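Inspection log for the structure reproduced underneath, given as structure tokens.
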Amino acid sequence: MSEAARWARTFVRALAEAGVRDVVVSPGSRSTALVLAAAGQEDFRLHSVIDERSAGFFALGQSRVTGRPTVLVCTSGTAGAHYYPAVIEASMARVPLVVVTADRPPELQASAAPQTIDQIRLYGAHARAFHDLGLPNDDPTAHAAVRRKAAQAVARSEGPVAGPVHINVPARKPFESEAGDDALPGDRAPSVLHPSVTVDPGSLDPLVERLTSAKRPLFVAGPAPIPWGAARRSVADLAQRADAALYAETTSQLRFGVRAPGDGLGVLLSGAPFARRFEPDLIVQLGAPPVSGAWQRWRALRPDIAHVCVAEHEWPDPAQRSDLWVAADPVAVVEALRTRIPARGTSKWRDRMAGWDRRAWGTVDRVLPAGAEGEVVRIVRGHLPADSFLMVGNSLSVRHFDTYCRSGGEPVQVLHQRGASGIDGLVAGAVGAASSADRPVTLVLGDVSLAHDVGSLALAQAVSTPLLIIVLDNGGGRIFEFLPAGRRYGQQPVFEHFITPPKADPQTLAAAFGLCHVRVEGGQDLPAALTSAYRVGTTTVVQVKLPDHGARAVADAVTAGLEAEFGPRGMG
């Protein structure tokens, strides 16, 4: 057996012992020993993805669903560079991931050898840790170090701040092993424990004092991981006990499944009269801040309001408005606060907030035309199977859910890529999630996002879980119509370089990759199409044809309706 083969087998077995179950490999020669070792590991599910960029987001989708790090394996050279967008997203969204890059030996570095680049610390500060395994070495101590580094990598990817870990594996030829060959004998990889960190209720005295003395408290929550969904009822109960309103965005895991006063804030704050006069006296932010532009604009108007951030790591306050940081797991803090906050009963604050919500949604219902994008996402939301996975694309898709879908209803688990908030790899991420899910996955994205990740449709052929890829086909990146560039250049030819309307039709793309396809006009026939697609049980591309320029017109009409509803005397 070659040294490279023994080295790789020791490393791969240690990954399995550390709890890894999914490995995503892309083709290449320098990674031969690693791929053969992974293929021989019975505990692994091995997934082959040709393009490393798609592979990275596929692995992210898996890790988001399983909570365990998927391992990526690629050859040397620029192959590892294609993982970079997924590594950045994993870092910013705190998703566990282990990236293994095969590498050329030192004598080929800086010598114009093919497929040879400097891979040391390739991902910079975006990797939680970096290990170079060094060249294969049959010394038993060296193999023990390989097992230890594998265990360290998996453990570090899982916490205390989850994220990507990079392992570089240089190797010389030959890479192959013979049948029956085995790794050097040795001990198992060391085990790593992750004890739970509890919150001492007494340490929260300053926050308890603020909540009990506040007359108009407001809880807010932005993007969060799937496990937060288990706390949605606890958060709603705490808000009720504290007599607080609750504004939870779609990606917070707290919006769907329970209802609390405050779910209309994403709509309400887009109207200037309401935004100027809305005056909570305490904001308690659970985790990441809301992404809503209306929220951010309102926050800039009211810097004087007391603001507490509850987040385990870092300081999630891009507006620089908070004056207290509770550095702990928000879910644990919520549970601790429930034992400290006495129930007040309902006051005028929650009653008024609930009344404003009703008027906001009433305005949306009156203004929203049939066939509009807002109606489409409402239909999708209403047809999602209970406890299934909803993956929302960035740009307009996620904003439509926040703007047009009320809280409550059947609970769903929301997948998103709000770490770096790019449109990269949304299809691959959804397919990766479906490969590890035991329930349907529904992806809602725009036509530009689909075109950006069109190659990942090839991965969807093998999915056995129902996967719906719902494409909002509105002729390009219409979010730019909401931005200053759209207001100024929207009628000029140069604007094509912003909205970049795709030239490929989703039906043609689906056919090219052997996928089912359904086309509907707006909301017409969409309910029947969704019901049929979930029943089919494989992958279906649902193309929802929408009018160009429609989204901004509807949003402007909603804003105008709110201006009228909440005019000079409208806050009573």
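The values are calculated or read from the model by the stated rules, or taken from the named source; none is laboratory data. Keep in mind it's a predicted model, so treat the numbers as computed, not measured. A quick note on method: Cβ atoms are made from the backbone with ideal geometry, for glycine too, and the neighbour counts reach across all protein chains shown. We work out accessible area using only protein heavy atoms, side chains counted, and drop any ligands, DNA or RNA first. Shrake-Rupley method; radii C 1.70, N 1.55, O 1.52, S 1.80 Å.
In this structure Glu176 has an accessible area near 100 Å², from a 1.4 Å probe over the protein heavy atoms. Between amide H atoms placed 1.01 Å from N, distances below 5 Å from Ala129 occur with His166, all of them 5 or more places distant or on a separate chain. Each residue of region 307-312 was assigned a 3J(HN,Hα) from its phi angle through the Karplus curve 6.51 cos²θ - 1.76 cosθ + 1.60 (θ = phi - 60°); the sequence is 9, 10, 9, 10, 8, 5 Hz, with glycine and proline shown as x. In this structure the amide hydrogen of Val326, modeled in the peptide plane, comes within under 5 Å of the amide hydrogens of Cys309, Val310, Ala311, none closer than 5 places in sequence on its chain. Close amide H contacts of Val284 (hydrogens built in the peptide plane, cut-off under 5 Å, sequence separation of 5 or more or a different chain): Leu218, Phe219, Val220, Val308.
Over region 21-130, accessible surface divided per residue gives 38 Å², non-protein components excluded, 1.4 Å probe. For region 393-544, the per residue solvent-accessible surface stands at 38 Å², with DNA, RNA and ligands left out and a 1.4 Å probe. The string of couplings for region 541-554 from the Karplus curve (6.51, -1.76, 1.60, θ = phi - 60°) is 8, 9, 8, 9, 6, 10, x, 5, 6, x, 5, 5, 4, 5 Hz, one whole number per residue in order, with x for Gly and Pro. Accessible surface ranking for Trp228, Trp7, 1.4 angstrom probe, highest first: Trp228, Trp7. Charging the Cβ of each Asp and Glu at -1 and of each Lys and Arg at +1, and nothing else, the dipole of the chain about its Cα centre rounds to 1540 debye. Surface composition of the chain: carbon and sulfur atoms hold 53% of the protein heavy-atom accessible area at a 1.4 Å probe.
Over region 14-121, calculate the relative contact order: mean separation of alpha carbon pairs under 8 Å at least 6 apart, over the residue count, as a percent. Relative CO of region 14-121 lands at 28 percent. With a Förster radius of 25 Å applied to the beta-carbon distance between Asp505 and Ser464, the computed FRET efficiency rounds to 0.40.
Compactness ratio for the chain: Cα radius of gyration over 2.2 N^0.38 Å (N = residue count) comes to 1.03.
Using heavy atoms of the protein chains and a probe of 1.4 Å, the accessible area assigned to Ser322 is about 20 Å². Accessible surface computed residue by residue for region 179-285, with neighbouring protein chains in place and a 1.4 Å probe, gives 42 Å² per residue. At a Förster radius of 51 Å, what calculated FRET efficiency corresponds to the Cβ-Cβ distance of Leu324 and Asp438, to the nearest 0.05? In this case the efficiency is close to 0.80. When you restrict to C-alpha pairs under 8 Å that are six or more residues apart and normalise by the size of the chain, the relative contact order lands at 14 percent.
Report note on the peptides 192-199, 37-44: ranked by the mean count of other C-beta atoms within 10 Å, highest first, their order is 37-44, 192-199.
According to the square roots a ≥ b ≥ c of the eigenvalues of the Cα gyration tensor, what is the shape class of region 338-396, taking rounded for a/c under 1.5, prolate for a/b larger than b/c otherwise, and oblate for the remainder? In terms of gyration-tensor shape, oblate.
Relative contact order for region 246-364: 26 percent, from Cα pairs under 8 Å spaced at least 6 residues apart, divided by residue count.
Using a probe of 1.4 Å on the protein chains alone, the accessible area found for Asp365 is around 90 Å². Backbone geometry of region 490-507 corresponds, through the Karplus equation with coefficients 6.51, -1.76 and 1.60 at θ = phi - 60°, to 3J(HN,Hα) couplings of x, 9, 9, x, 4, 5, 4, 6, 9, 7, 6, x, x, 8, 9, 7, x, 5 Hz, x marking Gly and Pro. Tell me, what is the FRET efficiency for Thr78 and Lys173 to the nearest 0.05, using R0 = 22 angstrom and their Cβ-Cβ distance as r? Between Thr78 and Lys173 the formula returns 0.60.
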